[in-house]
1. If you check Leu122 against the conditions, is it among the hydrophobic types (A, V, I, L, M, F, W, C), over 22 Å from Leu16 (Cα atoms) and modelled with pLDDT under 85?
2. Check whether at least one residue in the range 71-94 is closer than 30 Å to Ile25 by Cα, polar (S, T, N, Q) and free of Cβ contacts under 8 Å to residues at least 12 places away in the same chain, and report yes or no.
3. Do you know which of the residues in the range 1-31 that are outside any helix (DSSP H, G or I) and surrounded by fewer than 10 Cβ atoms within 10 Å (Cβ to Cβ) is modelled with the lowest pLDDT?
4. Examine the range 82-99 for a residue that is of a type in the set (Asp, Glu), modelled with pLDDT of 95 or more and over 16 Å from the mean Cα position of the chain (by Cα), and state whether such a residue exists.
Amino acid sequence: MAEQDNNDVMDELPPLTRAEVGAKIDAIYARVARGELRHREELEMWGGALAERMAALEKRQTGVEKRLANVEQRFTLFERRITANMSALEKRLLAELARHATAIQESVASQLRVFDDKHKLLVTKPRRGRPS
C-alpha cells in the first residue's frame, strides 16, 4: 500500500524536464560545496528522491509513447479507409457521369434524326406552283 501511495504522490508532481533535473542536481552540488548538506543520509535522501522522480518520469514517458503509437496506428487505418472510400466514390461518380453523357448523346441524336427527317421530306417533296 505504501508503494501505491508513493506512486499517487509521484503522479501529482509536475513533470520535470532534463534541464530542470540538471538544475536541481547542480543546486544540490552547490549546497554541498557551501557545506549545507553535510550528512550522507541527507544526500542519499535527495539523490533517492531525484532518482524516484526520474524513474516516474521515464515511466510516464513510456506510457505517452505507447499512446502516441496507438494514435498513429489508428490514424493510418483511418487514412486507408478514407482513401478507399474516396476511390470508390470517384468510380461511382465517373460511372454516373458516363451514364449521363450517354443519355445526353442519345437524346441529341434522337432530336437530330427528327430534324433531319423533316428536312428530307422538304427536299424530296416537289414544290407546287412553280414549273420545273
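The values are calculated or read from the model by the stated rules, or taken from the named source; none is laboratory data. All figures in this text were calculated on a predicted structure; none of them were measured in a lab. Virtual Cβ from ideal backbone geometry, glycine too; neighbours counted across all protein chains shown.
1. Answer is yes for this residue.
2. The answer is no, given that none of the residues of the range 71-94 is closer than 30 Å to Ile25 by Cα, polar (S, T, N, Q) and free of Cβ contacts under 8 Å to residues at least 12 places away in the same chain.
3. My answer is Met1.
4. Yes, the range 82-99 has at least one match.
So that you can scan it fast, the table gives a plain yes or no per residue for (1) modelled with pLDDT of 80 or more; (2) under 25 Å from Pro14 (Cβ atoms); (3) in a helix (DSSP H, G or I):
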position: Ala33; (1), (2), (3): no, no, yes
position: Leu37; (1), (2), (3): no, yes, no
position: Glu44; (1), (2), (3): no, yes, yes
position: Ala49; (1), (2), (3): yes, yes, yes
position: Ala56; (1), (2), (3): yes, yes, yes
position: Lys59; (1), (2), (3): yes, yes, yes
position: Glu65; (1), (2), (3): yes, yes, yes
position: Arg74; (1), (2), (3): yes, no, yes
